[in-house]
Amino acid sequence: MLNMSSPSELKSPCVTRNGMVKLPPSQPNGLGSASITKGTPAAKNRLCQSSSVPSILPPPPSSLPYHHHHHLDGPGLPHPASSLLDMEPGKPLVGLKPSLRQLPPLTLPKPLLLERQLVLDEKLLNRLLWYFTTAEKCVLAQVCKTWRKVLYQPKFWEGVTPILHAKELYTLLPSGEKEFVSLQAFALRGFQSFCLVGVSDLDICEFIDNYPLSKKGVRSVSLKRSTITDAGLEVMLEQMQGLMHLELSGCNDFTEAGLWSSLNARLTSLSVSDCINVADDAIAAISQLLPNLSELSLQAYHVTDTAMAYFTAKQGYTTHTLRLHSCWEITNHGVVNMVHSLPNLTALSLSGCSKITDDGVELVAENLRKLRSLDLSWCPRITDMALEYIACDLHKLEELVLDRCVRITDTGLGYLSTMSSLRSLYLRWCCQELEELELTNCPGATAELFKYYSQHLPHCMVIE
C-alpha cells in the first residue's frame, strides 16, 4: 500500500498539451521514442479510445484547504506515477483507475473542526440565541437542522402571537383544489396564542382540526375583520377547551344571541371592538356568563348607562381592568352604576366617553381608591377640577392619560404635582394654554427635553 500524500509523488509523467498526451521516452508505447503529436493518425485512434484522461492535473495537497490521504490497494503495484495511466504495450490508453476516482471523505483541520463543533453545540446555542429578536430567530432557524432544532423549542417563542391571514391558510393543488396548510411547525414551537385575520366559520374549524394544540394548548385567540357567525363562535369556544382570552374586532356577523349561546365561564379576558351588533344585551350576557372575568375591553357605540348596572357581585371581586373606548352614550349615571358594581378596579379607561364630566371623575376618585391606571383621553368636558379630585383621593395612581383634554391648564397640572405615586403622565394635544411649567430638581430632565418644550410650547415658560 502506497500513501500518496507527497507533492512529488502526485506528479504525473504525462503532461497534457493542447488536448494531446505526451509520453516520456523511457516508457514503451509501441511507437519507440517518437512523441505523439497533433495530426498523427495513431495518436487520434488512441486518444479517442480514452475519454477519461484529465486535461488538467489536480494541484498538490499543500495548496488545498483540506488534506486528502489516498491509499491504493493491491500488491505489486508499479511506481505511483505510472499507476495513473495503464501504459501496457499494445493496449490503448485508459483513464484513471476506479480507486482514484472515489476520494475518501474530507478531513477538516483542527481549527475548522473546533469551530464547527462550537457552532453546532446545543448548550452554547441555547444560551446564545436568547439575544435575538423574534424576526431574527425566524431567519436563524433556516441556517441548519441543528439551529432549527434548538430554536424550535417553546421557550424561545413565549409571548409571541403569530398573525395568520385567511389567504395564507390554504395552498392551491395542481387539481385546482385548496388544501389547508400544515401547522406542525407552529406546534413544535408551542404557540399558545393566535391572531386570525379575515377568517370564516369554515377556516376556524379547519384551524382547530389541523393545529395539534388547538383543543387544550391555545390560551388566546384574536379574530379581526372576520365573518364569524354565532355558529362559528359557538363551535370555537366549545372545541377550544383551553381558551381563556378572546378578542373580537371588526366582526359584524355575530349577534348578542351568539354571545349568550357561546360564552364560557373559563374566559378571564374579553375584548370586543367595532362589532356593530354589540349593545346593552351583550353586556348582560358577559356579566351573567363570565363570573371569572378579570379584564374587559369594550368599544361599542350603542352601550348605555343601563349596561353598567348589569355587573354582578362576582365581577366585583374578580374584575380588575375595565376599558370603555368611545362609548358615547355613557354618562355620569353609568359611572355611578359602574363604581358600585366594580369597586376593586385597578385600571380604568373612559377614553372617548365624551359625556363624562368632572362629576363623573369625582365619583371615580371617591369610590375606586385602588386605581393605578386611569385614562381620560378624548374627554373634552374634563377640567382642572377633575384633576383636583384625582390628586386628593387616588393616592396609588401611577399612570394618568389626559390626551385631548383641551380644558386643562397649568392650574390642573399644579394639583397633579402633589401626587408622589404618579409615574406616567400623558398630556398630548391638550396643553395649548399652558403658561408655566416648572421642572426644578428633576434629574431626569435633559437638555433635549427642554428643547422639545421650547419648540412645542412656545408660549409656556419652562423653569429648569
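Any chance you could count how many residues in region 139-159 are closer than 27 Å to residue 197 by Cα, of a type in the set (A, V, I, L, M, F, W, C) and surrounded by fewer than 13 Cβ atoms within 10 Å (Cβ to Cβ)? Write out each step before concluding.
We begin by selecting, within region 139-159, every residue closer than 27 Å to residue 197 by Cα; these are 139-142, 151-159.
Still in the running and of a type in the set (A, V, I, L, M, F, W, C): 139-141, 151, 156-157.
Now drop any that are not surrounded by fewer than 13 Cβ atoms within 10 Å (Cβ to Cβ), which leaves 139.
Matching residues across region 139-159 total 1.
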Q: Could you grab the pairs with beta carbons closer than 6 Å, sequence gap of 6+ or different chains, first residue in region 284-309 and modelled with pLDDT under 95 and charged (D, E, K, R), second one surrounded by fewer than 19 Cβ atoms within 10 Å (Cβ to Cβ) and in a helix (DSSP H, G or I)?
A: 305/333
Q. Can you name the residue in region 101-131 that is open to solvent by 100 Å² or more (accessible area, probe 1.4 Å) and at pLDDT 80 or above and is also farthest from the chain's Cα centre (by Cα) among such residues?
A. 123
Q. Does residue 402 count as touching a Cys at 6+ places or on another chain (Cβ under 7 Å), over 21 Å from residue 323 (Cα atoms) and open to solvent by less than 90 Å² (accessible area, probe 1.4 Å)?
A. no
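Would you point out which residue out of 381, 372 is at pLDDT 95 or above, in contact with a Ser or Thr (Cβ under 8 Å, 6 or more places away or on another chain) and either under 22 Å from residue 428 (Cβ atoms) or basic (Lys, Arg) (or both)?
Working: 381 fails: at pLDDT 95 or above.
When all the criteria are applied, what remains is 372.
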Q. For the subset of region 354-390 comprising residues that are open to solvent by 20 Å² or more (accessible area, probe 1.4 Å) and among the small types (Gly, Ala, Ser), which member is farthest from residue 340 (Cα to Cα)?
A. 354
Q: Sort out for me the helices (runs of 4 or more DSSP H) sitting completely within region 132-196 that have 2 or more residues that are modelled with pLDDT under 90 and within 11 Å of the chain's Cα centre (by Cα).
A: 134-140
Q | region 197-207, subset closer than 16 Å to residue 235 by Cβ and assigned to a loop (DSSP other than H, G, I, E, B), residue most open to solvent (accessible area, probe 1.4 Å) | A | 200
Q) Within region 126-142, is even one residue aromatic (Phe, Trp, Tyr) and closer than 27 Å to residue 236 by Cα? A) no
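Counting only residues that are hydrophobic (A, V, I, L, M, F, W, C) and in a strand (DSSP E or B), which one in region 314-336 is nearest to residue 355 (Cα to Cα)? Steps first, please.
Taking region 314-336 and keeping what is hydrophobic (A, V, I, L, M, F, W, C), we get 322, 324, 327-328, 330, 335-336.
Narrowing the set further to residues that are in a strand (DSSP E or B) leaves 322, 324.
On the way: 322: 18, 324: 13 Å.
Applying the filter and picking the extreme gives 324.
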Q. Among (1) of a type outside the set (Val, Ile, Thr); (2) open to solvent by less than 10 Å² (accessible area, probe 1.4 Å); (3) touching a residue at least 40 places away in the same chain (Cβ under 8 Å), where does residue 351 come up short?
A. (2)
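The values are calculated or read from the model by the stated rules, or taken from the named source; none is laboratory data. For clarity, every value in this text was computed on a predicted model and none was experimentally measured. Reconstructed Cβ throughout: ideal geometry from the backbone, glycine too, with neighbour counts over all protein chains shown. Please note that ligands, DNA and RNA were not included when accessible areas were found on the heavy atoms of the full protein model with its side chains. Shrake-Rupley method; radii C 1.70, N 1.55, O 1.52, S 1.80 Å.
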